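Below is one structure; the comments refer to it alone.
The values are calculated or read from the model by the stated rules, or taken from the named source; none is laboratory data. Nothing here was measured: the structure is a model prediction, and the numbers come from that model. With ideal geometry, Cβ positions are generated from the backbone for all residues, glycine too; neighbour counts draw on all protein chains shown.
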Amino acid sequence: MIKQVIRLMGCLPLLWWALPSQAAVILQYHHVSENTPAITSVTPAQFEEQMAYLAEQEFNVVSLETVLDAIRAKETLPPKTVAITFDDGFQNIADNGHPVLKRYGFPYTLFINPEPVGRPRMMSWDTLRQLTEEGATIANHSLRHDHLIRLLPGESRQEWESRIRSDIEQTEAIIQRETGHNLKALAYPYGEYNQALRRLLEQMGFVGIGQHSGAAGPYSSLTAIPRYPVAGPYADMATLKVKLHSLNMPVAAVDGEESELVGRNRPTLTVTLAGNDVRTKELMCYIQGQGAKAPTWLDDNTFTIQADLPMPAGRSRYNCTAPSRTQGGYYWYSQPWIQANSDGSWPAE
Ligand SMILES: [Zn+2]
């Protein structure tokens, strides 16, 4: 008996270090409504079903702040941790989303643009303040929902930087004045970012949150936090369950992650993985619009992936997933791309 205990104790540290990192899944919603564009909406019935699932399956639904604090501290979160977020501040969130969240006692974050607050179909500051008393955190989505990475005609890099810095600072100051909240987390409008914007946020002490899919966790960059959009074709429960059980890809190093494609349209992404829990032989990438492609392994832990055909103008993605050796779920990692038309103009939204 004593021998067994000693042997077990001897094993414990090993088991501990072998444990894969736990992830936090961050969900991104826009509309909870029957009457809004399907591509950015869930119906009230779908939203109810999704929240009921989180409650029944005993997911650990926490505030986004809790997730960000854990990533900053490189701390492990409990299994099945989820944070819920909404972008843009539509009134239908207060009408159809909030009552459900309140009933389940789920905290959530609203990323809003101060300029359209109070316009038709948008929440007012009074409404936003009421929601904060019942579980909502208000955070930064920029003043006007501009495409932040784009330079104005004739604008220098330096002028761009001071314009964007001022936009983000003004937004944060208005949110703080109106609600008292000051999360210093920017949800990139349209999920668009590049290395220059990431560096600016880092200098400002802000976190940057995208719209590229993937589980967040200790291996996420604080200026490229992934979220799973839940809307349209991505709102069905079968798809959502896979994502809710996804794991944070243990990315130790990455090369080629400049999202903005200039003078290259078949970007090469090279990723080095940490640990040994990823079933590397089963790692598969999906090139948006081009289907699945197996990566090339440079060594046991480093793979590289490149599209065969040019990526389109506008926003696109590489998604890479692989099963865990010890857990049921899939590791999930996504790299967004953003590209202007060949004449330098941008595709219409
Ligand atoms: Zn938005």
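Scanning the stretch 46-88 for residues that are assigned to a loop (DSSP other than H, G, I, E, B) and either modelled with pLDDT of 95 or more or polar (S, T, N, Q) (or both) gives 57, 58, 59, 62, 63, 76, 88. Taking every residue in the stretch 23-38 that is under 17 Å from residue 228 (Cβ atoms) and aliphatic (A, V, I, L, M) and pairing it with any residue that is in a strand (DSSP E or B) and within 13 Å of the ligand (Cβ to nearest atom), at least 6 positions away or on another chain, the pairs with Cβ-Cβ distances below 7 Å are 26/85; 27/85.
So that you can scan it fast, the table gives a plain yes or no per residue for (1) touching a Pro at 6+ places or on another chain (Cβ under 9 Å); (2) surrounded by fewer than 21 Cβ atoms within 10 Å (Cβ to Cβ); (3) not polar (S, T, N, Q):
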{"residue": "202", "(1), (2), (3)": "no, yes, yes"}
{"residue": "224", "(1), (2), (3)": "yes, no, yes"}
{"residue": "248", "(1), (2), (3)": "yes, no, no"}
{"residue": "254", "(1), (2), (3)": "no, yes, yes"}
{"residue": "259", "(1), (2), (3)": "yes, no, no"}
{"residue": "265", "(1), (2), (3)": "yes, yes, no"}
{"residue": "272", "(1), (2), (3)": "no, yes, no"}
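Of all residues in the stretch 75-101, those that are in contact (Cβ under 8 Å) with a residue 12 or more places away in the chain have Cβ atoms under 8 Å from Cβ atoms of residues that are basic (Lys, Arg), 6 or more apart or on another chain, in 85/227; 90/121; 91/121; 92/121. For the stretch 148-182, filtering for residues that are touching a residue at least 40 places away in the same chain (Cβ under 8 Å), out of contact with any Pro (no Cβ under 9 Å at 6 or more places or on another chain) and either within 16 Å of the ligand (Cβ to nearest atom) or of a type in the set (Phe, Trp, Tyr) (or both) leaves 2. When residue 197 is tested against (1) more than 16 Å from the ligand (Cβ to nearest atom); (2) modelled with pLDDT of 95 or more, exactly one condition is not met: (1).
Residue count for the stretch 286-328 satisfying the condition of being within 21 Å of the chain's Cα centre (by Cα), among the hydrophobic types (A, V, I, L, M, F, W, C) and farther than 20 Å from residue 263 by Cβ: 2. Please enumerate the residues belonging to the stretch 106-140 that are assigned to a loop (DSSP other than H, G, I, E, B), within 16 Å of the ligand (Cβ to nearest atom) and not β-branched (Val, Ile, Thr). Once the filter is applied, which keeps residues that are assigned to a loop (DSSP other than H, G, I, E, B), within 16 Å of the ligand (Cβ to nearest atom) and not β-branched (Val, Ile, Thr), the stretch 106-140 yields 113, 114, 115, 116, 119, 121, 123. Is it the case that some residue within the stretch 232-253 is within 16 Å of the ligand (Cβ to nearest atom) and charged (D, E, K, R)? No: zero hits. Counting only residues that are part of a loop (DSSP other than H, G, I, E, B) and within 13 Å of the ligand (Cβ to nearest atom), the stretch 200-230 holds 3 of them.
Checking 93, 112, 149 one by one, the residue that is within 21 Å of residue 213 (Cβ to Cβ) and at pLDDT 95 or above is 149 and no other.
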